[in-house]
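Structure first, then comments.
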Amino acid sequence: MGRRPTVPSVTEQVAELEAYRVGARALASRILGAQEAERVRVSRELHDDTGQALTLLLVRLQLVENMSSEPQVQCELADLRELVGQTLDGVRRLAVHLGPSVLEDLGLCAALEWLADRVRAETGLVVDLRLDCECRRAPSEVAVAIFRVAQEALTNVVRHARATRVEIRIRTIGDSLELSVTDDGAGFGVDEAQRRPSESVGLFGMAERIALVRGTLEIDSSLGRGTCVRTTVPIGEEVIT
């Protein structure tokens, strides 16, 4: 008779599952890091290459328009120049959205201030930013995760909430950093939204990103009562394993 296959003990199975979990987390972290690096690369290419090419095109169109004496041609060139200008503005906004250099250059607090200013200027929304912490303590991967959550939460407020006011608050609680984004908008049913994956990609992405830095994400919302997105991430220890 053949030998029976050896069945791993419960301890060995638990250890194997834990090793798998750690490996999966490390892989997801590397993927996320690669995505961020690619976002920064594309952002720089859009700004440096595409942006400069469109700027040059605007200058050339202006020169040709000035050289022409035909009113109809001038009108067509003016329309074309306006279209190119709008495209250039869109490319710049996309480049900034993909990889804001202020986050890498000046840190999380400065990046949140920039984000709040940008939303105010582009939407007219009242944005109350409260920085009750030392953001400089945050490791780079934590800073990126928290910034992306704030960015996604504000994007959702602008697109869906019909809010007039939003508060962004970040503070240190012990060895953790807590971010909250609270609006006075229409709100939504969280459980119902999570049952429709096609409509909750942003929520899932925020949760996955925060899980990679061992943080927690809570979304408190109901119809007619606004929404609060809150995340807490440890900063007092190495957060990626």
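The values are calculated or read from the model by the stated rules, or taken from the named source; none is laboratory data. No experiment lies behind these values; they were computed from the predicted model shown. Please note: Cβ atoms are built from the backbone with ideal geometry, for glycine as well, and neighbour counts cover all protein chains shown. Side chains included, ligands, DNA and RNA excluded: accessible areas come from the protein's heavy atoms. Shrake-Rupley method; radii C 1.70, N 1.55, O 1.52, S 1.80 Å.
Listed by first and then second residue, the pairs linking a residue in the range 211-236 that is modelled with pLDDT under 95 and part of a loop (DSSP other than H, G, I, E, B) to a residue that is of a type in the set (Asp, Glu) and open to solvent by less than 50 Å² (accessible area, probe 1.4 Å), with Cβ atoms under 7 Å apart and 6 or more places separating them unless they lie on different chains, are Gly226/Asp183. So for the range 35-44 (the condition being open to solvent by less than 40 Å² (accessible area, probe 1.4 Å), under 30 Å from Thr172 (Cα atoms) and modelled with pLDDT of 85 or more), does at least one residue qualify? No, the range 35-44 contains no residue that is open to solvent by less than 40 Å² (accessible area, probe 1.4 Å), under 30 Å from Thr172 (Cα atoms) and modelled with pLDDT of 85 or more. Of the numbered conditions (1) closer than 20 Å to Glu218 by Cα; (2) without any contact (Cβ under 8 Å) to a residue 60 or more places away in the chain; (3) buried (at least 16 other Cβ atoms within 10 Å of the Cβ), Leu88 fails exactly one; give the number of that condition. Tallying (1) closer than 20 Å to Glu218 by Cα; (2) without any contact (Cβ under 8 Å) to a residue 60 or more places away in the chain; (3) buried (at least 16 other Cβ atoms within 10 Å of the Cβ), Leu88 fails exactly one: (1). Looking at Leu57, Leu32, just one residue is at pLDDT below 65 and surrounded by 12 or more Cβ atoms within 10 Å (Cβ to Cβ), and that residue is Leu32.
Could you check how many residues of the range 146-173 are open to solvent by 30 Å² or more (accessible area, probe 1.4 Å) and in a loop (DSSP other than H, G, I, E, B)? Summing the residues that are open to solvent by 30 Å² or more (accessible area, probe 1.4 Å) and in a loop (DSSP other than H, G, I, E, B) in the range 146-173 gives 2.
For the residues Leu112, Leu106, Leu177, Leu131, the requirement of being among the hydrophobic types (A, V, I, L, M, F, W, C) and free of Cβ contacts under 8 Å to residues at least 24 places away in the same chain singles out Leu106.
In the range 134-143 there is no residue that is farther than 24 Å from Gly215 by Cα and at pLDDT below 90.
When residues in the range 60-78 are screened for being assigned to a helix (DSSP H, G or I) and open to solvent by 80 Å² or more (accessible area, probe 1.4 Å), 7 of them pass.
I'm checking my understanding of the structure. Among residues of the range 82-97 that are aliphatic (A, V, I, L, M) and modelled with pLDDT under 75, which one is nearest to the chain's Cα centre (by Cα)? Looking at the filtered set, the residue picked out is Val96.
Confirm whether Leu203 is open to solvent by 20 Å² or more (accessible area, probe 1.4 Å) and without any contact (Cβ under 8 Å) to a residue 40 or more places away in the chain. Considered against the rule, which asks whether it is open to solvent by 20 Å² or more (accessible area, probe 1.4 Å) and without any contact (Cβ under 8 Å) to a residue 40 or more places away in the chain, Leu203 comes out as yes.
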